[in-house]
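Data block below; observations after.
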Amino acid sequence: VPYGAFATCKVLQKKVLIIHTNNLTSLVPKSCSLLSLITVKVLDLHDNQLASLPADIGQLTALQVLNLEKNLLKSLPQSIGDLAQLQVLNVKGNKLRELPGSVSGLRSLRALDVSGNALQELPRLLAHVRTLQTLTLDASSMTYPSPEVCTAGTEAIQQFLCKECGIAYYPPSQYLLPTLESDGGGTSVDGVDRTVEKYLEEEGEWQNKFLDYEKRKEKKTQEKLEFERRLNVGQREQALLVQQLNSHRDEILQTVREEQQRLEQGLSKHQRYLEEERLKLLQQLKDTEQGVASRIQKLLEDNQRQKRSSDILKSLENERIRMEQLMAITQEETEKLRRQEVASAMQQMLAETYKNKLLQMTSESRRQDLVSQACSSLAEMDQKFQQILAWQQLDQNKAVSQILQQIEMQKAAFEALQVKKDLMHRQIRNQV
């Protein structure tokens with residue numbers, strides 16, 4: 001719907017709005033309010049592509065006829081119950097599955113057409129609509145009330161719903177006259193009946209009424225032209241202001257984009273520096289590991305030499321045992337000789353034992369020295385490694401603090417730009 005249609009209805013206090021047989025997907029244009037149609041009594045929207053109605057449709061308190069036939073409506077808004085003056089509601093040929101319970105607020109409704117939908121149940125609160133005279137629906141597809149009740153007609157349906165709600169049923173003729181009188185008192189019951197029946201039977205009657213309103217429209221042509229002229233001048237001024245605002249916004253966006261690129265370059269440079277430091281540290285750790293491995297290899301070699309010394313002592317002990325066995329065989333014959341040999345062997349063995357003991361003590365002391373030296377070297381390397389890690393953490397903290405400081409500065413700059421932009425918007429709004 002064009003913007004000018006709602007503006008015209010608001011300025012000229014239109015009573016009838018007919019916009020049927022189009023491809024409309026929405027009713028209210030952008031930057032428009034539904035209150036512009038507050039004086040409309042007849043709204044014809046049939047044969048369009050409307051998938052939903054505005055949630056505030058209930059603000060049209062003067063509406064008496066609402067034709068929504070052949071659209072794509074899946075539900076009706078709850079506010080439709082606020083249309084206290086509505087007398088005709090036609091939602092034939094849509095995709096409705098249920099009616100909202102707020103339809104009970106339509107206290108002036110006389111004709112309701114819900115045929116051609118996926119509707120299977122009627123709300124029980126429909127019994128409170130005491131003025132309803134004509135209810136059109138697909139009786140065969142209804143489950144509540146039953147198809148038998150729906151086939152019997154509007155009166156039978158209302159009697160059934162009143163019984164379900166626990167209220168007494170009265171014919172709509174007892175409620176229709178007071179309702180019409182409260183609406184202004186200038187229309188008789190028979191006259192309103194004829195108007196509603198003509199609207200439901202043939203649509204051409206509304207065209208004649210529209211021609212009557214067109215005559216009134218010609219009287220206010222000059223006012224409309226003047227209004228449109230002022231509106232065009234205002235739109236041109238607004239377009240100029242919007243163009244200036246867009247150019248200024250592009251300049252601000254370009255500045256922010258350049259600042260962001262500069263920040264990304266600084267971050268990438270700092271990341272490369274951190275990567276180089278990490279590679280250096282890894283190389284130092286690798287050299288340290290190699291030194292520790294060489295020291296461990298030396299310790300293993302010392303252990304191997306000590307093991308060979310133990311093997312030598314064991315072989316000497318075996319030789320001594322063998323000699324004792326040999327001497328035991330000829331002990332009686334060569335006891336004197338044995339004593340001499342044993343003495344010499346004992347002396348030699350003691351000398352070898354003492355020599356081996358000296359070698360063992362020397363090897364043990366050397367091994368202890370190597371172990372202590374390796375431990376001290378490992379502790380020193382560990383201390384250096386901890387110091388390197390502390391330096392790296394300190395560098396990272398400094399870099400993070402610098403980045404955070406830069407982000408804060410950018411945030412302050414962006415806030416200043418936003419405040420300046422808001423001030424400019426405020427000035428533009430004041431000018432408009």
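P(r) for segment 3-173: what percent of alpha-carbon pairs falls in each 10 Å bin, starting at zero?
10, 39, 34, 14, 4, 0
Is it possible to state the helix-based mean residue ellipticity at 222 nm for the chain, with each DSSP H run of 4+ residues giving -39500 (n - 2.57), the sum divided by total residues, to the nearest 500 deg cm²/dmol? What is it? It would help to have the intermediate numbers written out before the result.
Numbers: 8 runs with 271 residues, N = 432.
Mean residue ellipticity, 222 nm, calculated: -23000 deg cm²/dmol.
Taking springs between alpha-carbon atoms closer than 10 angstrom, which of LEU281, LEU299, LEU337 fluctuates most in the Gaussian network model of the chain?
LEU337
When the Karplus curve 6.51 cos²θ - 1.76 cosθ + 1.60 is applied with θ = phi - 60°, which whole-Hz ³J(HN,Hα) does each residue of segment 129-139 get, with x for Gly and Pro?
My calculation for segment 129-139 gives 7, 6, 8, 5, 9, 10, 10, 10, 8, 8, 5 Hz in order.
Rounded, prolate or oblate, given the Cα gyration tensor of segment 207-322, with a/c below 1.5 counting as rounded?
Values: a/c = 23.96, a/b = 4.52, b/c = 5.30.
Here segment 207-322 falls in the oblate category.
If you take the beta carbon distance between GLN261 and GLU155 as r and set R0 to 60 Å, what does 1/(1 + (r/R0)^6) give as a FRET efficiency, to the nearest 0.05?
So the FRET efficiency works out to roughly 0.15.
Could you check which residue among ALA111, ALA374, ALA416 shows the biggest mean-square fluctuation in a GNM of the chain with a 10 Å Cα cutoff?
Looking only at ALA111, ALA374, ALA416, the largest GNM fluctuation is found for ALA374.
Among the DSSP beta bridges whose two residues both lie in segment 3-173, what percent are antiparallel, rounded to the nearest 5?
Antiparallel: roughly 0 percent of the beta bridges in segment 3-173.
A 26 angstrom limit on the alpha carbon distance is what I want to check against. Which of LYS307/LYS336; LYS10/LYS74; LYS41/LYS92; LYS30/LYS411 exceed it? Walk me through the numbers before you get to the answer.
Details: LYS307/LYS336 38 Å; LYS10/LYS74 29 Å; LYS41/LYS92 20 Å; LYS30/LYS411 34 Å.
Listed pairs above 26 Å: LYS307/LYS336; LYS10/LYS74; LYS30/LYS411.
Express in % the proportion of alpha carbon pairs of the chain at distances exceeding 39 Å.
61
Just going by the charge dipole of the chain, with Lys and Arg at +1 and Asp and Glu at -1 on Cβ, which of LEU17, SER79, SER372 is farthest out on the positive end?
SER372
When ranked by the protection proxy of mean other Cβ atoms within 10 Å per residue, highest first, what sequence do the peptides 126-137, 392-403 form?
126-137, 392-403
Treating the angle as unsigned and between 0 and 90°, give the value, to the nearest 10°, between the Cα long axis of helix 221-329 and the longest Cα principal axis of the chain.
20
Averaged per residue, what accessible area in Å² does the chain show with a 1.4 Å probe, protein chains only?
That works out to 66 Å² per residue.
Please state the relative contact order of the chain as a whole percent: Cα pairs under 8 Å, 6+ residues apart? Walk me through the numbers on the way to the answer.
Details: 457 pairs, mean separation 28.3, N = 432.
After rounding, I find 7 percent.
Could you check how much of the accessible area of the chain is carbon and sulfur, as a whole percent, using a 1.4 Å probe?
Values: 15000 of 28500 Å².
So the carbon and sulfur contribution to the accessible surface is 53 percent.
What residue among ARG229, ARG305, ARG249 has the largest mean-square fluctuation in a Gaussian network model of the chain, using Cα springs under 10 Å?
ARG305
The values are calculated or read from the model by the stated rules, or taken from the named source; none is laboratory data. The shown structure was predicted, so the numbers you read here are calculated from the model rather than taken from an experiment. All Cβ positions, even for glycine, are placed from backbone atoms using ideal geometry, and neighbour counts span all protein chains on display. Note: areas computed on protein heavy atoms with side chains; ligands, DNA, RNA excluded. Shrake-Rupley method; radii C 1.70, N 1.55, O 1.52, S 1.80 Å.
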